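This report concerns only the one structure given below.
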Amino acid sequence: MTSAKSNGIFVGNMACLAAYMIFGFNIVSCKYIALDGNLTPMALFCLRAFGATALFWIWSLFTAPKEKIELRDMGKVFIASFLGLFMTQVSFLYAITKTTAIDASIMSTLSPIMTLIISVIVINEKITWSGVAGIGLSLVGVLILIFNCVSLSTGADSSSLTGILAMLVNTLSFASYVGIFKPLIQKYSVVTFMKWMFLFSSLMAIPLSFRSFAASNLTALPANIIWHVLYVVVGSTFIAYFLIPIGQKRLRPVVVCMYSYVQPVIAMVIALILGLDTLNALKVFATILVFTGVGLVNSEKTKRMAQ
């Protein structure tokens, strides 16, 4: 039993690592799409929601055709969709135009800390010294990377108060989703849960973004932009959002959220590949801190299982 649980933790960690690596490369694709100008951010949001909804519902016909969400849980799934998909993505799309890339990145580092606090209050998550130390180490590492690596994301020349508040909403929304809904996610298969999550998100997206989507000239998109759009819809939405609940089922909420610290590492790797940045000992040290911190937060649960 202990071995099976340990394997489950390993699978959860690999799922979260893969998901946030996909999110890291998503930064580049979104930048290329934005620079092209044929698809607005809100139109892309609409396309992501509709595309992922269709893919999850089609997949559910083959993998979980008979599983249904209980009627009493539908309201909870709707709230989870509102926090984990709709508010998280909409607030980020607004914030990224109103904040500098560095300020947005710094605000996003609050997510694991918020997740830990929410988990303690809602699902009685235990605070351990190794967990606090792990968050601290990863936080130091990611801040070193943010201030010493070339940013590949779009943003404003200066940050406004509304932009900072939007990023605060972004981090708080996702932290609430991860910290509150683990019991609900464990109750259903990933495909069943996500097909309803994205359906609700799509319905919420229609009033806000469908006009931008309808006005978009998709036939005018160059071939390379089409590939980037496909990556965003299939890779960073469908596949990544399939992987995250796998991690949520097996890991503590704070561990899931801490994998967001992988994104600056991916940004650094991309910058190195493109020749926009150089590697030095400080950045290597920062990367080691990030992953050491994640390992520390993981270690307490693993020790309890081994006892």
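The values are calculated or read from the model by the stated rules, or taken from the named source; none is laboratory data. Not measured: the values here are computed from a predicted model. Note: ideal-geometry Cβ built from the backbone for every residue, glycine included; neighbour counts use all protein chains shown.
Residue by residue, here is whether (1) at pLDDT 90 or above; (2) in contact with a helix residue (DSSP H, G or I) (Cβ under 6 Å, 6 or more places away or on another chain); (3) over 28 Å from ASN298 (Cβ atoms); (4) buried (at least 20 other Cβ atoms within 10 Å of the Cβ) holds:
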| site | (1), (2), (3), (4) |
| --- | --- |
| ILE69 | yes, yes, yes, no |
| LYS76 | yes, yes, no, no |
| LEU116 | no, yes, no, yes |
| SER138 | no, yes, no, yes |
| VAL142 | no, yes, no, yes |
Notebook entry, point to check: Of the residues VAL178, VAL190, VAL120, VAL132, which is farther than 24 Å from LYS249 by Cβ, at pLDDT 80 or above, out of contact with any Asp or Glu (no Cβ under 7 Å at 6 or more places or on another chain) and among the β-branched types (Val, Ile, Thr)?
Noted result: VAL132
Checklist line | Filter result (in contact with a helix residue (DSSP H, G or I) (Cβ under 6 Å, 6 or more places away or on another chain), modelled with pLDDT under 85 and surrounded by fewer than 17 Cβ atoms within 10 Å (Cβ to Cβ)) within segment 280-299 | finding: SER299
Check: Can you tell me how many residues in segment 5-50 are out of contact with any Pro (no Cβ under 9 Å at 6 or more places or on another chain), within 25 Å of MET268 (Cα to Cα) and charged (D, E, K, R)?
Finding: 1
Notebook entry, point to check: From the residues in segment 91-120 that are among the hydroxyl-bearing types (Ser, Thr, Tyr) and more than 15 Å from the chain's Cα centre (by Cα), which one is nearest to PHE45 (Cα to Cα)?
Noted result: TYR94
Note to self: Can you name every one of the helices (runs of 4 or more DSSP H) wholly within segment 1-113 that holds 1 or more residues which are among the aromatic types (Phe, Trp, Tyr)?
What the structure shows: 2-36, 41-63, 71-81, 88-95
Next item on the list: Count, please, the residues in segment 89-108 that happen to be within 24 Å of GLY141 (Cα to Cα), crowded, with 19+ Cβ neighbours inside 10 Å and of a type in the set (Ser, Thr, Tyr).
Entry: 3
Notebook entry, point to check: Do any residues in segment 202-220 that are at pLDDT 80 or above have Cβ atoms under 6 Å from those of residues that are β-branched (Val, Ile, Thr), where the two are at least six apart or on different chains, and which pairs are they?
Noted result: SER202/THR53; SER212/THR40
Notebook entry, point to check: Which condition number in (1) in contact (Cβ under 8 Å) with a residue 12 or more places away in the chain; (2) over 29 Å from GLU125 (Cα atoms) is the one that ILE273 fails?
Noted result: (1)
Item checked: Qualifying positions in segment 237-274 - β-branched (Val, Ile, Thr), modelled with pLDDT of 85 or more and either more than 30 Å from SER189 (Cα to Cα) or under 10 Å from the mean Cα position of the chain (by Cα) (or both) -> THR237, ILE244, VAL256
Check: Restricting segment 216-252 to residues that are under 17 Å from ALA34 (Cβ atoms) and of a type in the set (Ser, Thr, Tyr), which is surrounded by the fewest Cβ atoms within 10 Å (Cβ to Cβ)?
Finding: SER216
